[in-house]
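Chemist: I am attaching a structure below and will ask some questions about it afterwards.
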Amino acid sequence: MKETKALTSVPDGIVHVPVTPFTENNEVDLDIFGKVIEFLVSQNPGSLCVNLHLAENLNLTLEERKQLAKASVEVTSGRTPVIIHVSTPGTDQAVDLTRHAEEIGADCIMAIPPYYWKPSQEGIYEHFAAIMSASELPFIAYNSPVFMDGIGVSPETLVRLLERFPQFIGIKDASHNWETYLELGRASKAIKPDFGLFAGTEWMIPSLTLGGNACMSIFGGIVPRFVESLYQATVQGDLKFALELQYKYSELWQIAKVDYPAPTKAMWEIMGRPVGPPRRPQSPVSKENKIYMEETLDRLGLLHSEPHGW
């Protein structure tokens with residue numbers, strides 16, 4: 001019998017994020033996606049978060065996003081909680097994805113403020129309120145002003161939502177601005193002490209030592225042992241060793257963030273888990289850059305110390 005890990009409280013640990021595999025004909029490859037999910041589940045994640053930007057959700061149709069969400073719930077089969085990212089520029093579309101997530105048996109939903117439109121804080125409040133009003137699933141907000149034209153969730157908006165919606169359990173902050181991170185944590189935990197604070201990407205030392213409880217992982221499908229070691233060293237207080245690993249992560253991130261997320265797919269392939277090309281407008285990594293990535297992974301001691309293949 002499979003072990004069931006339901007999301008009954010704020011998720012913690014490492015949240016693994018599946019990439020979206022595409023065929024050479026530019027179609028979503030659900031067979032390979034199943035392998036992606038199985039591999040990530042085998043790393044014993046705290047949870048999975050499906051259809052994030054790492055998964056090229058901006059280049060997917062709503063129907064493709066629903067297919068991937070449904071497949072993730074079916075393949076995990078209760079072995080780890082599944083968070084569905086439902087962000088869209090339009091509120092109605094986000095509500096549609098939210099209702100679908102609840103119908104298929106997902107454990108939680110996550111959403112960012114509407115992008116492109118640059119709504120006011122009142123507009124952000126109404127957007128999140130509509131999503132939470134459409135479902136009883138736990139909800140995680142997503143703050144990423146760097147990538148979303150400077151539009152972020154203010155502490156005041158956070159407090160208003162917390163006071164109204166009991167299913168609001170956490171916020172992922174990908175600002176990489178630790179003053180912003182602290183202020184969001186200070187405001188939210190004054191209302192709900194167990195409110196979850198999650199970092200986008202593996203900035204584990206600053207995020208976990210400043211009140212965070214989980215990290216969204218970019219490299220969990222590439223170098224999962226390294227990611228787990230960084231997490232464990234940080235939470236166990238071995239910060240000298242954790243800093244050595246954090247420096248390695250930072251070097252990898254400098255590579256991954258250029259033409260993101262195409263470099264991550266190249267690294268999946270380097271580690272023996274090919275997931276196809278990125279979808280346009282992203283372009284595949286050049287042969288020269290792929291060689292450089294492989295050499296970097298080797299120099300950092302990761303190429304031969306991590307799992308290869310599925």
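Chemist: For GLU27 and ALA130 in the same chain, what is the full-extension length gain: residue separation times 0.36 nm, less their Cα-Cα distance, in nm? Don't jump to the answer; show the numbers that get you there.
Modeler: Values: separation 103, 0.36 × 103 = 37.08 nm, distance 3.16 nm.
Once the chain is fully extended between GLU27 and ALA130, it gains 33.9 nm.
Chemist: Here's another thing I want to ask about it. Just want the ordering: LYS35, LYS172, from fewest to most Cβ atoms lying within 10 Å of their own Cβ. Walk me through the intermediate numbers first.
Modeler: On the way: LYS35 16, LYS172 25.
By the 10 Å Cβ count, ascending: LYS35, LYS172.
Chemist: Now for a separate question. Taking the alpha-carbon centroid of each part, what is the distance from the stretch 181-217 to the stretch 266-281 in angstrom?
Modeler: First find each Cα centre; the distance between them is then 30 Å.
Chemist: Follow-up. What shape does the stretch 13-236 have by the C-alpha gyration tensor, where a ≥ b ≥ c are the square roots of the eigenvalues, rounded means a/c under 1.5, and otherwise prolate means a/b greater than b/c and oblate the rest?
Modeler: Values: a/c = 1.63, a/b = 1.15, b/c = 1.42.
Note, shape of the stretch 13-236 comes out oblate.
Chemist: Please list, by residue number, everything in the stretch 296-310 whose backbone N is under 17 Å from a paramagnetic label point 7 Å out along Cα→Cβ of GLU38.
Modeler: Taking a point 7 Å out along Cα→Cβ of GLU38, the residues of the stretch 296-310 whose backbone N falls under 17 Å are 307-310.
Chemist: Comparing THR80, THR23, THR88, which has the greatest mean-square fluctuation in the GNM of the chain with Cα pairs linked when under 10 Å apart?
Modeler: Of THR80, THR23, THR88, the most mobile in the Gaussian network model is THR23.
Chemist: If you don't mind, another one. Rounded, prolate or oblate, given the Cα gyration tensor of the stretch 54-121, with a/c below 1.5 counting as rounded?
Modeler: In terms of gyration-tensor shape, prolate.
Chemist: Sticking with this structure for a sec: For the chain, what does the helix formula give at 222 nm: sum of -39500 (n - 2.57) over DSSP H segments with n ≥ 4, over the residue count, nearest 500 deg cm²/dmol?
Modeler: Mean residue ellipticity, 222 nm, calculated: -13500 deg cm²/dmol.
Chemist: Turning to a different aspect of this structure: Charges at C-beta only: +1 for Lys and Arg, -1 for Asp and Glu. How large is the resulting dipole of the chain about its Cα centre, in Debye rounded to 20?
Modeler: 240 debye
Chemist: For the stretch 13-236, what is the percent of antiparallel DSSP beta bridges, rounded to the nearest 5?
Modeler: So the antiparallel bridges in the stretch 13-236 amount to around 5 percent.
Rule-based calculations on the coordinates, nothing more; no lab input. Values in this document were obtained by computation on a predicted structure and should not be read as measured data. Glycine also receives a Cβ, built like all others from the backbone with ideal geometry; neighbour counts cover every protein chain displayed.
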